[in-house]
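The values are calculated or read from the model by the stated rules, or taken from the named source; none is laboratory data. It should be emphasised that the depicted structure is a prediction, and the values quoted were computed from it without experimental measurement. Quick reminder, even Gly has a Cβ in these numbers, built from the backbone with ideal geometry, and neighbours come from all protein chains shown. Keep in mind that these areas ignore ligands, DNA and RNA; they rest on the heavy atoms of the full protein, side chains included. Shrake-Rupley method; radii C 1.70, N 1.55, O 1.52, S 1.80 Å.
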Amino acid sequence: MSPAAPRFTDRTLKFLRALTRNNNREWFKAHKDEYETHVRGPMLAIIERLAVDFPRVAPDLVASPRSLYRVYRDTRFSPDKTPYKTHVAASFSHQVLPKHESAGLYFHLASDQLWIGGGVYAPQTPELHRIREHIVANLRSFRSLVESPAFRRIGGVTGTRLQRVPRAFPQDHEAAEYLKLKQYLAGEEVDPQLATSPRFYGALLRRFTALAPFIQFLNTPLVAAARFKL
């Protein structure tokens, strides 16, 4: 008999709602056991199952306890001094690239939102240029990925964009709208109640499976550049 699919519970959403109302150290300290049991624990169980499935679904990506984001906010440069994140999140990056320098898969759960997606969020200028060059050199393949009905059902390609095509490329390039992007993201917001359903893990894995070729495409030039440096 296969083990039950991991998921969150109503207690997860209840805790996240309460944390939103009581975002202070005293309250969190008094309720930390609930966080461990109802938020962190289920997330780690989901990550553990993804580690089993990724060799088949997304073999270049890593799922490990380090995929889980810490609950503590970095408030040093923020006007918002509340100490805790009111969502639980995990990201899954490439095995040979630094976590924040690769395209990856990602999801987060808040009391009022479940978002499942992936991409590259804040590439540095050299990495962004490599991705754009890779799109130009492989435009047919890229379009077959991101313009397919299945991919569009999970949100299509989004991200902040420039007003003009970058100088390195012709302004009338057929990939102009893709080249204007400063980040390459795809995903969708889902009813957070799905996270408490037995259907959750299957729904998460299906979306990750649909996104994995897009993530691999974005990472291909980044991995090549990293290996060249070795």
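Couple of notes before you dig in:
- Computed from the alpha carbon atoms alone, the convex hull of the chain holds 152 Å³ per residue.
- Percent accessible area from carbon and sulfur atoms, segment 1-108, protein chains only, probe 1.4 Å: 52
- Averaging over all projection directions, the Cα-based convex hull of segment 1-117 occupies 8.6 nm² in the image plane.
- Net charge dipole size for the chain [Lys, Arg +1 and Asp, Glu -1 on Cβ; Debye, nearest 20]: 320
- Per residue, in Å², the accessible surface of segment 35-181 once ligands and nucleic acids are set aside, probe 1.4 Å: 55
- Relative contact order [Cα under 8 Å, 6+ residues apart], the chain, whole percent: 23
- Euclidean distance of C-alpha centroids, segment 1-53 and segment 118-178, integer Å: 35
- Within segment 99-166, the GluC sites (Glu not before Pro) that combine a DSSP coil assignment with at most 14 other C-beta atoms in a 10 angstrom radius are Glu147.
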